[in-house]
Amino acid sequence: MLLIIILNVVFSAFVVLTISGLHLWAIYRSHVEERERARVRLAASPATRTRPRSAPARRFGPATMTVRREAAGAHGLR
């Protein structure tokens, strides 16, 4: 009788832990898939498809970079 009760408790704990583990796994997978969809959506947006700007261009802006290129002698070479 005691053996049946112990086995019943162990089996019930196994079932509960399995169901909760599967539930947590499903939550984790949906989070990962949502993050992947956001990454793909960001990669396809027009803002990220442009050429990345260099560090001085980010710091000073495009007008400063044009002045610097012209001062360096790159008028029509670009």
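Using the structure shown, decide if ARG41 is at pLDDT below 85 and of a type in the set (D, E, K, R). Criteria met by ARG41. Considering ILE5, ILE27, which residue is at pLDDT 65 or above, within 29 Å of the chain's Cα centre (by Cα) and assigned to a helix (DSSP H, G or I)? Answer to the check: ILE27.
The values are calculated or read from the model by the stated rules, or taken from the named source; none is laboratory data. Just so you know, these numbers come straight off a predicted model, no measurement behind them.
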